[in-house]
Amino acid sequence: MTQELHRIILLGPPGSGKGTQAMLLSRDLNIPQISTGDILREEINIGSSIGMAAGQIVSSGQLVPDNIVIEIVKKRLIADDCQQGFILDGFPRTLAQAQAIDTHQIGIDQALFLDVVDALILKRLSGRRVCSKCNSMFHVHYNPPKQVGICDRCGGDLVIRKDDEESTIRKRIAVYHQQTAPVIEYYQKHPSICCHRIDAGSTDLDTPETIAARIRDVLYQEQTR
Ligand code: AMP
């Protein structure tokens, strides 16, 4: 896919594969993936003031205050590598964040809503394992490591992310329904941003590649409209 400016928002519940799809799209379109979750985890790891404010909130499955994430995104988007486009992965997650995009006149070309049935969310998230050294992602069902508990890439230990523990997953799903689902409606009614629904898992058989192909189709159709 092409030269066209792609400023994309990826929306969807936890476990809809936003991170994976953002990574694949970022590679395809050669534009950065901006994951507020990754940025927050990085701040928490280095112990910055943002990290100190966000640590407890992230591990409990709640949302970090709007003003903090809005500032993070505004700061990130002025970097040179975002001028040819970007993929926002995990932002906006509240109506206030979506409104901030409009207020700060951040141009967005497409909002893609990755729709997935609730029953698959828990299965996807509870099987996720992350390398404690290099952050590579694995899944006990969909992408198992060669050796249980060990990273294929660097040999590090695979762990369950704190917010992927089952009680926290349930909290994150509830938070999604309360605070993020209205954002989908906001974009479905938005006067200038087109929101596309992508089937991101109505059955267990959809692979990340199948879903990526659906996304490419939508972007291609937009381009040729
Ligand atoms: P993620 O990796 O996108 O699932 O994000 C992990 C956690 O980071 C979320 O459960 C929230 O606690 C926090 N977070 C990420 N993005 C946002 C956002 N846009 N607004 C508020 N909190 C966020």
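FYI, it's all coordinate maths here, none of it is from the lab. Because the structure is predicted, anything quoted here is derived from the model rather than measured. Ideal geometry is used to build each Cβ from the backbone, glycine not excepted, and the neighbour counts take in all protein chains shown.
Of all residues in the range 78-89, count the ones that are buried (at least 19 other Cβ atoms within 10 Å of the Cβ) and in a helix (DSSP H, G or I).
Residues that pass the stated criteria total 0.
Answer yes or no as to whether residue 172 is of a type outside the set (Val, Ile, Thr), within 12 Å of the ligand (Cβ to nearest atom), crowded, with 19+ Cβ neighbours inside 10 Å and part of a helix (DSSP H, G or I).
In short, yes.
I'm trying to understand the selection: among the residues of the range 26-67, which are among the β-branched types (Val, Ile, Thr) and away from the ligand (no atom under 14 Å from the Cβ)?
If the condition is that a residue be among the β-branched types (Val, Ile, Thr) and away from the ligand (no atom under 14 Å from the Cβ), then 31, 46 are the ones that fit.
For residues that are closer than 13 Å to residue 116 by Cα and over 17 Å from the mean Cα position of the chain (by Cα), scanning just the range 175-206, find the one that is surrounded by the most Cβ atoms within 10 Å (Cβ to Cβ).
Among those that are closer than 13 Å to residue 116 by Cα and over 17 Å from the mean Cα position of the chain (by Cα), it is 206.
Give the range 166-197 a look and list any residue that's of a type in the set (Lys, Arg) and in contact with a strand residue (DSSP E or B) (Cβ under 6 Å, 6 or more places away or on another chain), or say none.
Matches in the range 166-197: 197 only.
Being over 16 Å from residue 41 (Cβ atoms), in contact (Cβ under 8 Å) with a residue 40 or more places away in the chain and either within 8 Å of the ligand (Cβ to nearest atom) or of a type in the set (Lys, Arg) (or both) is the filter here; which residues of the range 68-103 pass it?
Matches in the range 68-103: 92, 94, 97.
Assess whether residue 118 counts as being among the acidic types (Asp, Glu) and crowded, with 16+ Cβ neighbours inside 10 Å.
no
Select from the range 104-133 the residues that are within 23 Å of residue 72 (Cα to Cα), assigned to a loop (DSSP other than H, G, I, E, B) and of a type in the set (A, V, I, L, M, F, W, C) and write down the one among them that is farthest from the chain's Cα centre (by Cα).
The extreme case among them is 106.
Kindly establish whether residue 64 is without any contact (Cβ under 8 Å) to a residue 40 or more places away in the chain, surrounded by 19 or more Cβ atoms within 10 Å (Cβ to Cβ) and closer than 25 Å to residue 166 by Cβ.
For residue 64, the condition - without any contact (Cβ under 8 Å) to a residue 40 or more places away in the chain, surrounded by 19 or more Cβ atoms within 10 Å (Cβ to Cβ) and closer than 25 Å to residue 166 by Cβ - is met.
Please enumerate the residues belonging to the range 131-154 that are surrounded by fewer than 19 Cβ atoms within 10 Å (Cβ to Cβ), touching a strand residue (DSSP E or B) at 6+ places or on another chain (Cβ under 6 Å) and of a type in the set (A, V, I, L, M, F, W, C).
137
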